[in-house]
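So the structure is just underneath, and the comments pick up after that.
The values are calculated or read from the model by the stated rules, or taken from the named source; none is laboratory data. In this text, all values refer to a predicted model and were calculated from it rather than measured experimentally. Virtual Cβ from ideal backbone geometry, glycine too; neighbours counted across all protein chains shown. Note: accessible area is taken over every heavy atom of the protein model, side chains too, but ligands, DNA and RNA are not part of it. Shrake-Rupley method; radii C 1.70, N 1.55, O 1.52, S 1.80 Å.
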Amino acid sequence: MYKVYDPKDTTVTVGGILITGFGGDMISGSKKEDTIQPDVGAQGDVVANVSHNDIGKVTLSVGVECPQYAYLLDLAQSHAVVPVWAVNKSINERFGGQQAMLTKFPDVKNGAKAGERQFEFTVFDYVVEST
């Protein structure tokens, strides 16, 4: 069995707005903490402590030509809580959450080439799930 991944099958929405004009890395996501934290006693007994910390991070990479660039900058200034979702239909996966805030303004670099801008969101209810 195999799957064919196609980056064009990935859609990203932030606050219900479809984002286009991605950079090379497009979008990534990760959970802040492991789901379980094992604790080993002196005699080798193991307790798996379940973590209920649902905080995650989603990083969105866009080019300077991104039509939604000004919208994303406005979100950083407003401290609005918005849903952030990335869905890839070719691998039946989505990640993100309903409650996210922009963590910081993107780093800016202007040089010989127009650089990408990375927007980092803190997602308070981060999930990765099958669609």
* Scan A42, A112 and give me the residue that is modelled with pLDDT under 90, over 30 Å from D9 (Cβ atoms) and open to solvent by 90 Å² or more (accessible area, probe 1.4 Å). => A112
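Can you give me the number of residues within region 13-32 that are open to solvent by 90 Å² or more (accessible area, probe 1.4 Å) and either at pLDDT below 95 or within 14 Å of E120 (Cβ to Cβ) (or both)?
Within region 13-32, the first condition is being open to solvent by 90 Å² or more (accessible area, probe 1.4 Å), and the residues that meet it are 18, 25, 32.
Those left that are additionally either at pLDDT below 95 or within 14 Å of E120 (Cβ to Cβ) (or both): 25, 32.
The qualifying residues number 2.
From T59, T35, grab the single residue that is surrounded by fewer than 13 Cβ atoms within 10 Å (Cβ to Cβ), of a type in the set (S, T, Y) and either modelled with pLDDT under 95 or touching a strand residue (DSSP E or B) at 6+ places or on another chain (Cβ under 8 Å) (or both). Full working, then the answer.
Numbers: T59 fails: surrounded by fewer than 13 Cβ atoms within 10 Å (Cβ to Cβ).
Sole residue among the options that is surrounded by fewer than 13 Cβ atoms within 10 Å (Cβ to Cβ), of a type in the set (S, T, Y) and either modelled with pLDDT under 95 or touching a strand residue (DSSP E or B) at 6+ places or on another chain (Cβ under 8 Å) (or both): T35.
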* Asked: For region 90-122, which residues satisfy the criterion of being touching a Phe, Trp or Tyr at 6+ places or on another chain (Cβ under 9 Å) and of a type in the set (A, V, I, L, M, F, W, C)?
  -> I91, F95, A100, M101, L102, F105, F119
* Among the strands (runs of 3 or more DSSP E) contained in region 1-99, which hold 1 or more residues that are among the aromatic types (F, W, Y)? -> 22-31, 82-88
* To do: Give me a count of the residues in region 94-108 that are over 21 Å from D54 (Cβ atoms), touching a Lys or Arg at 6+ places or on another chain (Cβ under 8 Å) and either among the charged types (D, E, K, R) or surrounded by fewer than 18 Cβ atoms within 10 Å (Cβ to Cβ) (or both).
  => 2
* **Tabulated pairs, region 106-131, first at positive phi, second of a type in the set (K, R) and surrounded by fewer than 15 Cβ atoms within 10 Å (Cβ to Cβ), C-beta under 8 angstrom, 6+ apart or interchain** => none
* To do: Name, by its number, the condition in (1) open to solvent by less than 60 Å² (accessible area, probe 1.4 Å); (2) of a type in the set (V, I, T); (3) touching a strand residue (DSSP E or B) at 6+ places or on another chain (Cβ under 6 Å) that does not hold for I91.
  => (3)
* Asked: In region 115-131, which residues are in a loop (DSSP other than H, G, I, E, B) and open to solvent by 50 Å² or more (accessible area, probe 1.4 Å)?
  -> E116, F124, T131
* **Residue in region 72-86 that is nearest to T11 (Cα to Cα), counting only those that are within 13 Å of the chain's Cα centre (by Cα) and open to solvent by less than 20 Å² (accessible area, probe 1.4 Å)** => A86
